[in-house]
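The structure appears right after this line, and notes come after that.
The values are calculated or read from the model by the stated rules, or taken from the named source; none is laboratory data. In this text the structure is predicted, and so the values were computed from the model without any measurement. Every residue, glycine as well, gets a Cβ built from its backbone with ideal geometry; the counts of neighbours run over all protein chains shown. The area values use the complete protein model at the heavy-atom level, side chains included, leaving out ligands, DNA and RNA. Shrake-Rupley method; radii C 1.70, N 1.55, O 1.52, S 1.80 Å.
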Amino acid sequence: MAKMAASLLESGEDAFRKVFKFYRRRNPPPDYSQVIDFSTGVPSDKIVLAKLDLAAVTDAEAAKVGLQPVRDWRAFGLQGYPGFIFISNPFLPGCQPSWVRQCLKTYPQKPNVCNLDMHMSPSETQDIWGKSVHSLSVRSSAKREPKTLLERLRWVTLGYHYNWDTKTYSANHYTPFPADLHSLSLQITAACGFPGFNAEAGILNYYRSDSSLGIHVDESELDHSRPLLSLSFGQSAIFLLGGVCRQDAPTAMFMHSGDMMVMSGQSRLLYHAVPRILPAPQGHMASVMEGCSLSLQDSSGVEAVSKEDWAVCCRYIQSSRVNVTVRQVLGPGQSFPETPSSHQRTDAGQTAGYHDRATDGESEKRKRSSSCDSDDAQT
Ligand code: SIN
């Protein structure tokens with residue numbers, strides 16, 4: 001162990017970063033044979049079935065937010081990661097489009113905050129969808145044209161708006177959290193054994209095919225006994241789930257459209273990252289899109305998506321991925337301290353947002369977590 005730490009120290013590389021770089025590599029492309037795929041049902045000695053609270057959510061409550069009855073969900077845990085729950089696409093057929101449309105058309109709207117606000121005026125970022133749809137729908141793939149605002153979107157924050165510089169939330173930077181996403185989060189977390197989850201902050205990440213997300217821990221929330229919920233739409237990704245130290249080698253898994261993760265208990269504060277976006281498996285996106293016609297016939301409580309809106313969403317998600325993380329920031333009766341300083345997200349070299357578009361891991365050297373024991377290799 002000491003020998004391994006010493007050699008990592010010499011190479012300036014920790015175990016997580018090594019795996020991150022492996023999956024981020026373009027040439028030659030990495031071997032994916034060790035990546036867990038919950039969608040195929042292929043058993044792995046690491047996968048266990050997760051126990052859900054079947055009585056916590058009625059079928060009607062689930063359908064209202066576009067979900068299958070909880071008894072039909074395929075929910076898994078991972079050996080060695082207590083509190084981690086992976087739910088393989090529990091959406092009703094035809095219901096993902098409504099959530100994709102919310103992520104692309106509704107949530108980027110004011111008063112929510114996005115990366116474009118950092119260097120554009122409020123009037124310029126007022127209607128990202130409206131200003132993008134025409135170009136997106138008439139664009140020919142042959143021509144190189146300037147990117148639309150939608151294509152330049154990297155992140156949106158909801159509720160308590162995450163401050164990327166101070167890595168904190170604060171009472172005075174808050175706008176109402178979207179009611180529909182609050183309900184969806186409430187039902188999912190209740191089924192996972194966390195009744196009364198109060199969705200207070202959200203971060204949406206918009207990934208293009210060459211995007212990645214650096215190694216980090218989400219610890220800015222003041223109450224870590226509440227879970228972190230993650231929802232994915234569009235193209236697939238490799239998600240790496242590590243340990244409490246960067247020396248713990250992470251487990252790699254695929255996240256496909258509709259998949260969800262709940263990080264709770266001992267898994268709430270683990271290092272994680274997304275080194276790579278991948279094309280969705282064959283037929284996967286077609287089934288998401290096909291279902292849209294069902295949604296138009298209104299098989300659930302989610303709002304139907306118009307043909308025009310869905311055409312734009314389809315174009316976008318054919319090459320992109322959207323991830324939504326939902327957080328409860330404050331515990332019952334808790335309030336923000338006078339000077340927020342101690343509750344921070346431990347990011348590995350993130351600047352504006354935490355997308356690492358061209359990660360070579362160098363930026364990760366600049367900063368390291370203080371949450372590991374002293375026998376970790378220092379970078
Ligand atoms: C993801 O994109 O799957 C992860 C997002 C995050 O960790 O914030």
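Which residue, of Arg226, Arg208, is within 30 Å of Met285 (Cβ to Cβ), of a type in the set (Lys, Arg), in contact (Cβ under 8 Å) with a residue 24 or more places away in the chain and open to solvent by 10 Å² or more (accessible area, probe 1.4 Å)?
After ruling out the rest, the residue left standing is Arg208.
Can you tell which of Leu158, Leu181, Leu204 is at pLDDT 95 or above, over 30 Å from Gly80 (Cβ atoms) and either in a strand (DSSP E or B) or within 12 Å of the ligand (Cβ to nearest atom) (or both)?
Leu158
Just one of (1) buried (at least 23 other Cβ atoms within 10 Å of the Cβ); (2) away from the ligand (no atom under 16 Å from the Cβ) trips up Tyr169, so point out which.
Only one criterion is unmet by Tyr169, namely (2).
Give the residue, chosen from Val156, Val113, Val138, that is farther than 14 Å from Val322 by Cβ and within 24 Å of the chain's Cα centre (by Cα).
Residue meeting the stated conditions: Val113.
With (1) farther than 26 Å from Val57 by Cα; (2) more than 16 Å from the ligand (Cβ to nearest atom); (3) small (Gly, Ala, Ser) as the list, and Gly193 as the residue in question, which single condition is left unmet?
Failed condition: (1).
Out of (1) exposed (fewer than 11 other Cβ atoms within 10 Å of the Cβ); (2) at pLDDT below 95, what's the single condition that is false for Ser44?
(1)
For the range 233-292, which fully contained strands (runs of 3 or more DSSP E) count at least 3 residues that are among the β-branched types (Val, Ile, Thr) and open to solvent by 10 Å² or more (accessible area, probe 1.4 Å)?
Once the strands (runs of 3 or more DSSP E) in the range 233-292 are filtered for at least 3 residues that are among the β-branched types (Val, Ile, Thr) and open to solvent by 10 Å² or more (accessible area, probe 1.4 Å), nothing remains.
Six or more apart or on different chains, Cβ under 7 Å: which pairs go from a residue in the range 284-307 that's small (Gly, Ala, Ser) to one that's at pLDDT below 65 and surrounded by 19 or more Cβ atoms within 10 Å (Cβ to Cβ)? Could you list them?
Listed by first residue and then by second, the contacts come to Ala304/Ser295.
Name the pairs whose Cβ atoms lie under 8 Å apart, with the first residue in the range 87-102 and closer than 20 Å to Phe239 by Cα, the second among the hydroxyl-bearing types (Ser, Thr, Tyr) and open to solvent by 10 Å² or more (accessible area, probe 1.4 Å), and 6 or more positions between them or separate chains?
Ser88/Ser39; Asn89/Ser39
Are any residues in the range 1-16 open to solvent by 10 Å² or more (accessible area, probe 1.4 Å) and at pLDDT 95 or above, and if so, which ones?
Residue satisfying the conditions is Ala15 alone.
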